[in-house]
1. Under the definition of Cα pairs under 8 Å and six or more residues apart, what whole-number percent is the relative contact order of region 1-119?
2. For region 237-250, just list the computed ³J(HN,Hα) in residue order, Karplus coefficients 6.51, -1.76 and 1.60, θ = phi - 60°, integers in Hz, with x standing in for Gly and Pro.
3. Go through 92-105, 11-24, 276-289 and give me the packing order, highest mean Cβ count within 10 Å leading.
4. Got a sec to turn the phi values of region 267-276 into Karplus ³J(HN,Hα) couplings, 6.51 cos²θ - 1.76 cosθ + 1.60 with θ = phi - 60°, whole Hz, x for Gly and Pro?
5. Let me have the 222 nm mean residue ellipticity of the chain computed from DSSP H runs of 4+ only, each contributing -39500 (n - 2.57), with the sum over all residues rounded to the nearest 500.
6. Work out the length of the dipole vector of the chain about its Cα centre, built from +1 on the beta-carbon of each Lys and Arg and -1 on the beta-carbon of each Asp and Glu, and round it to the nearest 20 debye.
7. Between the alpha-carbon centers of region 155-219 and region 1-69, tell me the distance in whole angstrom.
8. In terms of modelled amide H atoms, which long-range or inter-chain residues lie less than 5 Å from the amide H of F249?
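Throughout, read-outs are computed from the coordinates displayed, never taken from laboratory work. This is a predicted model, so every value here is computed, not measured. Here the Cβ is made from the backbone with ideal geometry for all residues, glycine too, and neighbour counts use every protein chain on show.
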Amino acid sequence: MSKPIILDGKATSKQIKIEIAEKVKSMVAKGKRAPHLAAVLVGDDGASRTYVNAKVKACEAIGFKSTLVELEESITEEELLKHVEKLNNDNELDGFIVQVPLPDHIDEQKITLAISPQKDVDGFHPENLGKLVLGLPTYISATPNGILELLKRYQIETSGKHCVVMGRSHIVGAPMSILMGQKRDQGNCTVTLVHSRTKNIKEITKSADILIVAIGKPEFVTADMVKEGAIVIDVGIHRIEDNSKKSGFRLLGDVAYEEVAPKCTHISPVPGGVGPMTIASLLMNTLQAANK
Ligand code: GUN
């Protein structure tokens, strides 16, 4: 098999950021204020801090205003709800996110429900998820939106293809499976959703024209599970200890890239595939919120 086309999320998200920055410039030139995103970070989880910092940095780079709301791990649910209410009512703010996971003593669902759907640029609120299911305009959450954008920008024909989505999480697998089956440009697929209880996973994945993997297990998808000529999109990201690296770790996806890539026409790498696209999605949603 010839070399696959690499779905380069890093370069694509860079391009999207350039395009958004242009739009911000022209908004500001017309006297409008720049889009404004706030991110709420509760506690001091290292990974969450890294993600939130990356989101804030991306905002600054393209001319958005950003606000980071840092709260103590010990904050009560009631106090956090008050912060959410304040952000809901802030007319100078277009959208905000509350980074998850939240500490155990806080009910994540309660917080999600308290976020105004108009400002829910994560697209986690049931109203926005409901709109997504109905095919109405809404905020599509970062990972599914980023994958749709990658498919679009690489002009991948999806109509009539068999798309297998691996994983049923509320923020990736479930919405992704719905979107890919919808009547839309990046859609019109016949969709199969597989998960940890699925029998004969390999038989199903082997029939996938498009395989979207969000199963959360390092290198779970091996070459024998993939059809020749498939398009493979890897959502997973895992830090694996590796003393041969200066950082002390290497990053792996849910797909065993080296052995799977030669079978594919297109594949997204880890890192540099879906990951950078999620931030671009959040910025696209915030711009959408600002234009409302
Ligand atoms: N934690 C991991 N990914 C996300 C995301 O997209 N949004 C929020 N709010 N928290 C996350």
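1. Values: 126 pairs, mean separation 33.8, N = 119.
The value is 28 percent.
2. So the J values, rounded to whole Hz, are 8, 9, 8, 10, 4, 8, 6, 6, 9, 4, 6, x, 8, 10.
3. Working: 92-105: 18.4, 11-24: 16.8, 276-289: 23.9.
Ranking the peptides 92-105, 11-24, 276-289 by packing returns 276-289, 92-105, 11-24.
4. 8, 9, x, 10, x, x, x, 5, x, x
5. Details: 10 runs with 113 residues, N = 292.
After summing the helix terms and dividing by residue count, I get -12000 deg cm²/dmol.
6. Values: 36 positive and 36 negative charges, 233 e Å.
Magnitude of the dipole: close to 1120 debye.
7. The distance from the Cα centre of region 155-219 to that of region 1-69 comes to 27 Å.
8. Amide H neighbours of F249, under 5 Å, 5+ apart: D242.
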